[in-house]
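What follows draws every value from the coordinates through simple rules; no lab data is involved. Not measured: the values here are computed from a predicted model. As a convention, Cβ positions derive from the backbone with ideal geometry for all residues, glycine included, and neighbour counts pool all protein chains shown.
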């Protein structure tokens, strides 16, 4: 029987309160378990893929808070008899994951967890997958990523200069073990589709405690909105995230592509907070206007129109 | 609603030019009496304002005048005794800053006020400037990320040059500028950061020939949350200047009483242009510098009525004096000095 797509939302009133974050996340996970959406066999191996796109702390809105991964793993270890939990992220053009694990507190957070190991997916053994994707015919992915019994994606609620949002589907592109990922940027939507086709996460968790707006995924502004989003379907979860951010999901190319190709569904149930109650406008990245189909056709107008728009926006924008 | 009977202790510039007009403008307040050693200079004013109680001794005023609250507007070194006596007489106190010259004194006053359940407010009004209030709100909102560095500065002309010739008492104390401007600066910094300074290292200079006092002081500090920072306060600068810079993992904030700017990672020339336009537009509006004084006076009267808390409490003032003690210690020894905190129940 095909499981119905379900997404849960929780609001943390005080984004600085670790206790409240732990309580709200546990509660969301409990509710998912009650719906039979989380179940793991004894001795299972789990891979957790957090968004660590840059060596910038969670408080900047750029990366996932290791505390959220800790709460999730604590809950999993309490509930299930797991063999190992691997936290894996791959190097990127301007990211050395080994350094990021140290500097951003991941090593410190998990040093007393014998079952938990941190893994640079770029250094993992590779497995070749025959994919027939939109960009890749064959895709080499890390063995741990492909063979773990259970894959959990922890994304960050952020705007993205190229893909509008980066939550779950885009986070999975981070697991692709090639360092020079920037070369795929011209085909990003297709590549995101392919990486997710290779393996979809079984559980999606989005860290929106301190989200990011504006020039994401790295240079944007922190937006402390205290949201936690959990889902069993990457497409549904991203759809909910985009609605929360007031970004039209039907204009997010990689999301539309993923739904169209059957990687997930836009038809889902929501529990916890209502989207209407927690949605808030995320300032889009400033160059978005250049992508406007009308302005794009008149190259001479691009710069002055964009400049006027930005100036107007900056003037309107209350800094606090 | 019955009026709050208020007395004024010390009728210098701050009382006459600031608190008195503010209190006169509040409908629920009656300024009943004034205690001033040089009573002659008050007589005419009191007559025109219909203030019947004039005293040379504040203790006598506390005893005879049936006051609900009192404003202590004396020179800093006289604050402690005047506040203590008022509390002993069961009177709510608003004290001009600083609340004495040592944290031991301040601790005693705070404990006494708590035991007697009296309001004890202190006049650190610089933190009430709109931009500093916004800065504090932004830091609390987590929108800057983790605070790493802070630079805070408060310089002005100082006594004689920009204040009034009767301010000789500013020169009585060796630490001169420390209690005058340093106290404001420490309060402002801890307020904006919502954090406590825990360790300091200070240096000072004396450019007032013939007077053995510090007129310029610089200090580096660390805070409870691990922020590093500097404090600079000094006299003899022709134009007043006060500002705080906060540098954090997700952005930098630059605030002074007339301007505030935030720079995030995406800060560019267009944002800079927009900021200048916004500032110019804002600066065209009339600035009301006296508003902060009125707000603190109003809040104190409200607190006396039991409606709210004062904007700056005796506890806040105690925390400032704890840091000033450490800065003093560091100036004397030339070494890093830890701040000694007093525990309140």
query: Using only helices, what value at 222 nm comes out for chain A when you add -39,500 (n - 2.57) per DSSP H run of length 4 or more and divide by the total residues, to the nearest 500 deg cm²/dmol?
result: -9500 deg cm²/dmol
message: Test of understanding: what is the full-extension gain from residue B:332 to residue B:41, defined as 0.36 nm times their sequence separation minus their Cα-Cα distance?
response: 100.8 nm
- line: Exposure proxy check on B:105, A:164: fewest-to-most Cβ neighbours within 10 Å is B:105, A:164
message: Just to confirm my numbers, what's the Cα centroid distance between segment A:172-214 and segment B:1-69 in Å?
response: 70 Å
task: Give the share of C-alpha pairs in each 5 angstrom bin for segment A:6-285, from 0 to the last occupied bin, in whole percents, shortest bins first.
output: 1, 6, 14, 19, 21, 19, 13, 6, 1, 0
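Return a whole-number percent for the relative contact order of segment B:87-238, with Cα pairs under 8 Å and 6 or more residues apart as the contact set.
Details: 236 pairs, mean separation 38.3, N = 152.
Worked out over segment B:87-238, it gives 25 percent.
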task: Could I have the simple spin-label model distance between residue B:194 and residue B:291, label points 7 Å from Cα toward Cβ, reported in nm to one decimal?
output: 2.3 nm
message: If R₀ is 41 angstrom, what is the calculated FRET efficiency for the pair residue B:48 and residue B:130, using the beta carbon separation as r and rounding to 0.05?
response: 0.75
message: Regarding segment B:27-76, what's the average projected area of the Cα-atom convex hull, expressed in nm²?
response: 3.9 nm²
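Taking neighbour Cβ counts within 10 Å as the exposure measure, how do B:185, B:128 sort from fewest upward? Could you put the intermediate results ahead of the total?
On the way: B:185 25, B:128 20.
Ascending number of Cβ neighbours within 10 Å: B:128, B:185.
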- request: Could you tell me how many degrees, from 0 to 90 and to the nearest 10, lie between the Cα long axis of helix A:234-244 and the main elongation axis, the longest principal axis, of the Cα atoms of chain A?
  value: 50 degrees
Footprinting exposure proxy for B:319, B:278 (fewest neighbouring C-beta atoms within 10 Å first): B:278, B:319
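Under 8 Å for C-alpha pairs, at least 6 residues apart: give me the relative contact order for segment A:6-285, rounded to a whole percent. Could the numbers behind the result be given before it?
Details: 639 pairs, mean separation 68.1, N = 280.
Relative contact order for segment A:6-285 comes out at 24 percent.
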- prompt: In Å and whole numbers, how far do the C-alpha atoms of chain B stretch along each principal axis, longest first?
  reply: 63, 47, 44
statement: Once both label points are put 7 Å beyond Cα along the C-beta direction, the residue B:252-residue A:183 separation in nm becomes 3.7 nm
- prompt: What FRET efficiency would be calculated for the residue pair residue A:34, residue A:99, taking the C-beta separation as r and a Förster radius of 30 Å, to the nearest 0.05?
  reply: 0.15
query: If one takes the longest principal axis of the Cα atoms in chain A, at what angle in degrees, from 0 to 90 and to the nearest 10, does the Cα axis of helix A:18-34 lie?
result: 70 degrees
query: Between segment B:118-147 and segment B:244-271, how many Å separate their Cα centres?
result: 16 Å
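Shape of the protein assembly as shown from its Cα gyration tensor (a ≥ b ≥ c, root eigenvalues): rounded if a/c is under 1.5, otherwise prolate when a/b > b/c, or oblate?
Values: a/c = 2.49, a/b = 2.26, b/c = 1.10.
Prolate, because a/c is 1.5 or more and a/b exceeds b/c.
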statement: Measuring from the longest principal axis of the C-alpha atoms of chain B, the long axis of helix B:103-116 (C-alpha) lies at a number of degrees, nearest 10, equal to 60 degrees
task: Calculate how many DSSP beta bridges within the protein assembly as shown are antiparallel, expressed in % of all such bridges and rounded to the nearest 5.
output: 55 percent
- request: Calculate, for residue A:113 and residue A:135, the FRET efficiency according to 1/(1 + (r/R0)^6) with r their C-beta to C-beta distance and R0 25 Å; round to the nearest 0.05.
  value: 0.10
- line: If each part is reduced to its alpha-carbon centroid, segment B:172-191 and segment A:19-72 end up apart, in Å, by 47 Å
